[in-house]
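Okay, structure first, notes after.
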Amino acid sequence: MLDALALKATVDHDLAYYDREVTQDYLHAVEFTPLAQIDAPGLIAALQTLRQRQVKDLSLLLSAFDIAFDANRFWQALNVSATGIKYQVRSAQAAAALPTLCQLPITPETD
């Protein structure tokens, strides 16, 4: 989800570009071309392709995530030391080796 949020600006930019630039070119072609010279089914199909609902839906979804999702709080919740989660190792060998290999909050089993 965080990768998708990172692409939000790109999706919004591309959508605005197509709305502003490309669609306007098609509309100007319709404006200045006699109706008898327009391939209406082909033009409509091209406009439908340009106005892909999937892109608009993606933009809408990313906007909703951006509003409702706080990435910093998400990462804080995953931070093992912040949540107080500790793993208890079961063997003395692992208890001796692991603290030098990683910085997880590992404690020896008390049982």
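The values are calculated or read from the model by the stated rules, or taken from the named source; none is laboratory data. Predicted model, so just to flag it, every value in this text is computed and none were measured. Note that each Cβ is placed from the backbone with ideal geometry, even for glycine, and that neighbours are counted across all protein chains shown. Accessible surface areas use protein heavy atoms only, side chains included; no ligands, DNA or RNA. Shrake-Rupley method; radii C 1.70, N 1.55, O 1.52, S 1.80 Å.
Got a number for residues in region 13-34 being within 26 Å of PHE65 (Cβ to Cβ) and open to solvent by 50 Å² or more (accessible area, probe 1.4 Å)?
6
If only one of GLN54, GLN37 is at pLDDT 80 or above and surrounded by fewer than 13 Cβ atoms within 10 Å (Cβ to Cβ), which one is it?
From the options GLN54, GLN37, the qualifying one is GLN37.
Before we move on, is LEU15 closer than 30 Å to ASN72 by Cβ and either in contact with a Gly (Cβ under 6 Å, 6 or more places away or on another chain) or of a type outside the set (S, T, N, Q) (or both)?
The answer is yes for LEU15.
Return yes when ILE106 is at pLDDT below 75, aliphatic (A, V, I, L, M) and over 33 Å from the mean Cα position of the chain (by Cα) and no when it is not.
When the stated conditions are applied, ILE106 passes them.
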